[in-house]
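Data block below; observations after.
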Amino acid sequence: SLSKLQLKTGDLDPRLFSRLRHLQKLDLSDNLLDKFPNSLTLPDLRVLNCNNNKLEDVTALKQFPLLEELTYENNVYLTLNDDYKVMFLLQNLRLLNGKDITKLAKHVRRVNSRKLTSKVTAHWEKFFRDQLPEKYTAEQVKSIKKKFLKSVQTNVVYGPSALSEFTRWRVGDISLTCPPVNSDPEPEEKVDENEEEEESTESPREAAKDKGQVGDFSSSINNVRVTARKRKRNRSKTRSCKKRSKTQVTTKEEPEDVSAEPLHFLQCHSKGNSREDFKTQLWSCVFEPLLDSGARKDPIVNSSRTVATCGGESVCLIDCETGTVLKKYKVAAEEFFSVAWTTLTMVISNSRKKSHNILAAAGRRGIVKLIHVAADFCYGEIKAHKKPIATVCFSPTRETHLFTASYDKRIALWDIGIPDCDYNFKASQLLVLEVLSIPLRIALVPTCPDQYLLAGCEGGCFAWNIKLDKEQRRRPFEATFQFPDEDGSMTTLHRVDGLAFLNDDVVVSKSSKPGCIYLWSWSRSFDTKGKGCQRTIAAVILAELEWSTTNMSYLTLSTCPAKDYVFCGDEKGSVWMYNLSSYTTAWSSAKGKRSPLQEKRIPPAQILQWPELRANGEQVTEVLVNNVVSDPTFTYLVVLTSVNITAIWKKS
């Protein structure tokens, strides 16, 4: 036992440990270890306890091939991916963190490996085999292998996104033994049918206790009795337009090369996990950013398929491909209205840094919860407002800067700080923006996110100067925007319940005027050199989008800038999709002209209709789409409803 000795990695001297050739049981718990040296040897080690350390990596444990029992609880930087790595590396491992993992480990070593090997081989055959000439040099092999490794780690996906790091790690290993050295695919093994069906994602570690925080994580969610009528997938565009089913896309113009099909319908925000809850409103969702991983930094190359959703007393993390609820965070007596992601670079040990995704969630109680997702831990809260928080968003340039917009008619800017290794952090309020009415949606101007913020409010659309070099801590709005009224006259008095930027200049806003979504130019409307506060400015309208004629409020919109798409749900459960790529080029080329380039009302490219859903034998009706969001590449579309159902569509 070497427990509670404040040991660091450097204290484990390989010259000493390599002499302990018959040591079978080792306790290194409650120390300061961040990794294992690679040459401890210990050839007969059977039991190892590493609880309560600061371990970041488990791959060095492969040097203990006879290990049967391993515990490393309360190492906050180890995740589910590390559990799967040790199951693969240690062939004799039976118990992990006190849990019998024999069956799951067998699946990881056999089924998972076989599937990944098949995918890696198929990727080589499809994209790289023809690149290798019949007679090749060592340099050519080296070059192609390098490209192949990068491509395969970016594009080969298998299992839930919570295991994406493990998948990339295994794919990297497999690709080293794959072509071009051996370009013949391996024969497929015969596997027991029951083993094939076990696609388990359970963690051998117990759910992290909340340690005094209100709320807890859970990866165990009730199965949901929500089913859609199945339809055969039809890849023919022409035929799919003629033979429409309730779950197919309907188009108002010529069919495009875009079609979507429903993947999952989830009822995961139920109060008390009740299957009878079809009343909880779902409000906000946002896709998790990918941590720095080479080509994956570019959202166009590959985006996360994990989305955070909120509604009622819970926040859920969902894998869009599999429909698996990866984590669930609950706070009694709360109703969450908004979630937002940021990536913090935290100092972990020995002055080394590591990036982690942090989720902020806020709602009716006016409190922001800060959640370290990988560690399954809500590490803090900020009592931001005395009234409900309608929406939150992080600055794209300053990862610790969080804006909170509240029913107290204030928008606050906070510095949430960076937690240390013990999760101590210090939050401070930097700025308060005074609003004339309740702010509903906020957006930072892409070309100057540290200087201007737009807000859609109950009483209009406003802009503030948020530059921090000013001494003024409380600021009134700098401008309010006018839009056409129903009779054509310009007015500022209207509810703006949808607001987003389509690109660096084009703003999309939804007004209380029935069926009205405007596209307007920020640069042509707002003169950043203009002086004076509380100016009234006419928005330079570029176009208007044709939408539902409902006068129902709070059905918000979103954009996919990379694909020039706008999305907005309606009061019938449908999603209106607008492809504006042919318009944005014209608007951009006319930049600098003051006159509005008013287009006729632009119809949607497509409308996704709400399918016939049945829950407990009864049809789900009267569905409002409160929010709809796509991932950056427009692969998945997540639809949040008024009936406690999260619908996930996939572009096919």
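At a glance:
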read-out	value
Distance between segment 1-28 and segment 47-75 - C-alpha centres, whole angstrom	12
Prolate/oblate/rounded label for segment 3-108 (Cα gyration tensor, a/c 1.5)	oblate
Extension gain from S143 to D57, taking 0.36 nm per residue of separation minus the Cα-Cα distance	28.1 nm
Rounded FRET efficiency, nearest 0.05, which uses the C-beta distance separating D485 from R352 and R0 of 56 Å	0.45
Packing-based ranking, highest mean first, of 390-396, 31-37, 565-571 given that Cβ atoms within 10 Å are counted	565-571, 390-396, 31-37
Fraction of accessible area attributable to carbon and sulfur, segment 14-97 (%, probe 1.4 Å)	49
For segment 95-156 and segment 408-481, distance of Cα centres in Å	47
Sites L7 and L95, calculated FRET efficiency, Cβ-Cβ separation with R0 35 Å, nearest 0.05	0.90
Solvent-accessible area per residue for segment 104-177 (1.4 angstrom probe, square angstrom)	53
Accessible area in square angstrom per residue, segment 14-97, 1.4 angstrom probe	42
Mean accessible surface per residue for segment 305-430, computed with a 1.4 Å probe while every protein chain stays in place, in Å²	34
With every protein chain in place, segment 104-177: carbon and sulfur % of accessible area (1.4 Å)	52
Contact order normalised by residue count of segment 14-97, Cα under 8 Å, 6+ apart, percent	27
3J(HN,Hα) from dihedral phi, segment 426-442, Karplus parametrisation 6.51/-1.76/1.60, rounded to Hz, x for glycine, proline	10, 9, 9, 8, 9, 7, 10, 9, 8, 10, 7, 9, 5, x, 10, 9, 10
Peptide ranges 117-123, 341-347 listed from the most packed, as the mean C-beta count within 10 angstrom indicates	117-123, 341-347
Extension gain, L66 back to Q619 (0.36 nm per residue minus Cα-Cα distance, nm)	193.5 nm
Per-peptide average of other Cβ atoms within 10 Å, ordering 58-67, 482-491 highest first	58-67, 482-491
Cα gyration tensor, segment 104-177 - rounded (a/c under 1.5), prolate or oblate	prolate
Separation in nanometres of the label points that stand 7 Å from Cα toward Cβ, at E571 and K383	4.1
Potential extension, L436-R15 segment - 0.36 nm per residue separation minus Cα distance	144.5 nm
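The values are calculated or read from the model by the stated rules, or taken from the named source; none is laboratory data. Model, not experiment: these values are computed from the prediction. Methodologically, a virtual Cβ is constructed for each residue, glycine included, from the backbone with ideal geometry; neighbour enumeration extends over all protein chains shown. Side chains are part of the model used for accessible areas, which takes the heavy atoms of the whole protein and leaves out ligands, DNA and RNA. Shrake-Rupley method; radii C 1.70, N 1.55, O 1.52, S 1.80 Å.
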